[in-house]
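Each remark here refers to the structure printed beneath this line.
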Amino acid sequence: MATLELINVTKRFGRNVVAVKSLSLEVHDGEYLVLLGPSGCGKTTTMRMIAGLEEVTEGTIILDGVDITDLPPRKRNVSMVFQNYAVWPHMTVYQNISYALKLKKMSQSEIDRIVKEVAGMTGIAQLLERYPSQLSGGQQQRVAVARAIAVSPKLFLMDEPLSNLDAKLRVATRTELKAIHYETEATTVFVTHDQSEAMSIADRIAIMKEGEIVQIGTPEEVYDKSASIFVADFIGTPPTNFMDVELVIEDGDVRLVNPYINLKLDPANAALLKDYDKKSLVLGIRPENIRLADKGEAVLSAQCLVSEPQGSHQIVAVELEDKLVKIVAPAHPKVRSEEMVHLAFRQEAMSFFAKDTGLRI
Amino acid sequence: MTRKKRVNIYKAAKTTTFYIFVTGVLVAMLLPLYFIVSLSFLSTREAYRYPLPLLPTLTARFELTHGERGYLLSVYDRTTQKYQSVLDTNDLEKMSIYMKYQLATPITIEEIEREIAKLETQDVVYFSHGTNLLYNYETFFKVAGTGQAIPALIRSLEICALTILISLAIGGMAGYAFARYMFRGRDLLKFSVLFVRMFPGVAIAMPMVIILAKMGFYDEPIGLSLVYSVGSIALTVWITASIFMGIPVSLEEAAQVFGATKLQAFLRITLPLALPGLAACAMYAFLGAWNETVSAIILTMFKPTFSVVVYQTVLGAVGQVNLAAAGGMVMALPAVIFTFFLRRYINQMWGGVTV
């Protein structure tokens, strides 16, 4: 297993299109790193550069101390699971898995042993003689994973491997992928645009936007301490609620004020924001950090627009003049449409962002 | 009439019409084929009879009597079910030759003498003799193209092989480039490949002759295959480009990641998947080169292709329909064999491999 290091990697298409901007990233030995971002953010391009399928315009890629920037894909000692699986349709499952091993000039008995082992690990042992067209999407995906494990690479690349599966299978497969990861302990870079997938599977998440990494950290870090409005909005369903507020310091009280709320901050937040007197901020608070409260302690009262029961909880949407605020509330008592609800904020879980840059304060 | 009955009648009428239509199409397609197959086996006399016999005679039946000039030979005509007098002579060699050439009955003078000997005891002698079904084919190869038929056949096959080779190599590579690489003027170039097919061969015959003569390829198989390749390259480019486009790049990329070079990835992954398309291209190239006559007439002198030889048989001094039919059959056979051989590869394209 190995560490991967990207140093100021840039990818330009043509003269004007910059897909990846001077990206630096370190993936530790045995780590499961997820590149997460909306489509077109450069995450797949980054992965393809690591695999060697895309030329690096500037910068260096180092795998296990070896500069692989200009090596052809076959000499990089990486393996990859493609979005469309890319299992070869004219080869049986066995041939698909063993092709790379044959190219490495392994003996037939060794190939046999490895194929059986990885087929067992991925649960396709009984499908070895089938052709891919005779397999379901989920089974093809397993073949792609088995093929990637078989070569025991230094680095495992996965390009949205779950996006072609249906929702239920996707959740089941991501659990299996993580189990396989524990078994192989392979350093893995996983690309996805699905934040819940990233949260559930990653050791660390690197969130990308327009060719740059905007935040990198554990799932908890990026969720609780989102580095910018973009991250806070992108991660989590329903996403973070944002409110434009003005900070007012009066008689030693630090208050957030806007047409709907007038909230006195607790000492910790007050200390954090003491230099922002009379400035505009963006308050971010996650839906589960707003609770339904009595009228007395409420920060905000408004009419419920809709309530979406989810079984274990309900999502209550409250309409302010121009925007919706969503709250994750216990399933009972059920909130009715047009009912007046009173909301209290969990102050320790609030985030503040600068209005101009969108960055966390 | 109940509604149900009416529906049934409507259905029956629909089915009947459908099968009448299908039968009509089948007859329209198979009748000319039957005509040429049957004609190619008929003896010369049969071939010019009216109405034309439906099938060739396997055993010819003869009647011999004393005639005015010697012996009167009559042959049984299945259409009229009567013996018809064909020859009155006492020259047995002439009779033998007549029977061989006109009636496709290879009979020796001795055999005729033996039958004639019987005339001493009886007035009429009936006898029969097997015909040579392949007489037309044998004659065709002996006579057509002044004995050039077999060399011409080999030359034609050579031209076809060269055409397939050139058009698959160049057209296939171009098709791959059109499918996989984005470059300036790609679409324009792709369309311009088709422009060469706009001109009828005859219209550009003169320049072709001059250019090929300057290259030293006039009257050479390679010259003709170059001319044929121009047309089939265009077709190959379009077919292979769409085939290669249908094969995801990621299949090749996966091979590269798993240890193959670019060339290995192409040869081991993309090429086998493109095989049906390439087979179809090979078939088009073959049929185009095999059937082409106009350019071949213009661009050859002493080394005609087989299609030219058959063409000459129809028009030239040999001029017998049954010989021309035999030539046509010989012409059709390799194309049919080749098509059947490639069929299983082409079938893959429509059913077998799903990418």
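Just how large is the dipole of the stretch A:241-354 about the Cα centre, in debye to the nearest 20, putting +1 at every Lys and Arg Cβ and -1 at every Asp and Glu Cβ?
280
Quick one: check the C-alpha center-to-center distance for the stretch A:168-223 versus the stretch B:91-165, whole angstrom.
The stretch A:168-223 and the stretch B:91-165 have Cα centres spaced 84 Å from each other.
Taking beta carbons within 10 Å but only from partner chains, what does the mean come to for residues A:77-88?
Averaged over the peptide's residues, the number is 5.
Looking at the P(r) of the protein assembly as shown, how many percent of alpha-carbon pairs lie beyond 41 Å?
Counting pairs separated by more than 41 Å, the tail of P(r) holds 59 percent.
Write out the trypsin sites (Lys or Arg not before Pro) in the stretch A:73-108 meeting two conditions: DSSP loop, and at most 15 other Cβ atoms within 10 Å of their Cβ.
A:Lys104, A:Lys105
Pairs of lysines 8 or more apart, or on different chains, with alpha carbons under 30 Å: count those in the stretch B:81-201, would you?
Pairs that pass both the separation and distance tests number 7.
For helix B:92-103, what angle does its Cα long axis make with the longest principal axis of chain B, in degrees from 0 to 90 and rounded to 10?
So the helix axis and the longest Cα principal axis differ by about 40 degrees.
Could you please rank A:Ile361, A:Ile235, placing first whichever residue has the fewest other Cβ atoms within 10 Å of its Cβ?
The order, fewest Cβ neighbours first, is A:Ile361, A:Ile235.
List the relative contact order of chain A as a percent without decimals, with contacts defined as Cα pairs under 8 Å and 6+ residues apart.
Relative contact order, chain A: 15 percent.
Once you have all Cα-Cα distances for chain B, histogram them in 20 Å bins from zero and send the whole-percent values.
Histogramming chain B at 20 Å steps yields 22, 38, 28, 11, 1 percent.
Test of the criteria: in the stretch B:203-310, which chymotrypsin sites (Phe, Trp or Tyr not before Pro) are in a DSSP loop and have at most 16 other Cβ atoms within 10 angstrom of their Cβ?
Taking the stretch B:203-310 and a limit of 16 other Cβ atoms within 10 Å, the loop chymotrypsin sites (Phe, Trp or Tyr not before Pro) found are B:Phe302.
Ignore the peptide's own chain and count Cβ atoms of other chains within 10 Å of each Cβ in A:89-101; give me the average, rounded.
The shielding value for this peptide is 3.
Quick one: which of B:Lys214/B:Lys303; A:Lys21/A:Lys178; A:Lys11/A:Lys104; A:Lys154/A:Lys209; A:Lys43/A:Lys104 span more than 21 angstrom between C-alpha atoms?
In this structure, A:Lys21/A:Lys178; A:Lys11/A:Lys104; A:Lys154/A:Lys209; A:Lys43/A:Lys104 exceed 21 Å between Cα atoms.
If you keep only loop residues by DSSP, which trypsin sites (Lys or Arg not before Pro) in the stretch A:1-55 have at most 14 other Cβ atoms within 10 Å of their Cβ?
Hits after loop and neighbour filter: A:Arg15.
Most exposed first by the Cβ proxy, i.e. fewest other Cβ within 10 Å, how do B:Met198, B:Met206, A:Met121, A:Met158 rank?
B:Met198, B:Met206, A:Met121, A:Met158
Expressed as an acute angle from 0 to 90° and rounded to the nearest 10, what is the orientation of the C-alpha long axis of helix A:137-150 relative to the principal long axis of chain A?
On a 0 to 90 degree scale, this one is about 70.
How shielded is A:49-62 by partner chains, expressed as the average number of their Cβ atoms within 10 Å of its Cβ atoms?
1
What do you get for the angle between helix B:271-291 and the principal long axis of chain B? Use alpha-carbon atoms, 0 to 90 degrees, nearest ten.
The angle comes out at about 40 degrees.
At what distance in angstrom do the alpha carbon centres of the stretch A:243-322 and the stretch A:55-79 lie from each other?
49
Please arrange B:Val308, A:Val257, A:Val282, B:Val143 by counting, for each residue, the other beta carbons lying within 10 Å of its beta carbon, fewest first.
A:Val257, B:Val143, A:Val282, B:Val308
Please report Rg (one decimal) and Dmax (integer) in Å for the Cα set of the stretch A:4-234.
17.6, 55
What does the charge dipole of chain B about its Cα centre add up to, to the nearest 20 debye, if the Cβ of each Lys and Arg holds +1 and the Cβ of each Asp and Glu holds -1?
Using only the charged Cβ atoms, the result is roughly 2280 debye.
Which FRET efficiency, nearest 0.05, do A:Asp253 and A:Ala302 yield, Cβ-Cβ r, R0 22 Å?
Once rounded, the FRET efficiency stands at 0.40.
Values quoted throughout were computed directly from the atomic coordinates according to the rules given, and no laboratory measurement underlies them. Since the structure is predicted, the reported quantities are computational estimates derived from the model, not experimental observations. Counting neighbours? That spans all protein chains shown, and the Cβs are built from the backbone with ideal geometry, glycine included.
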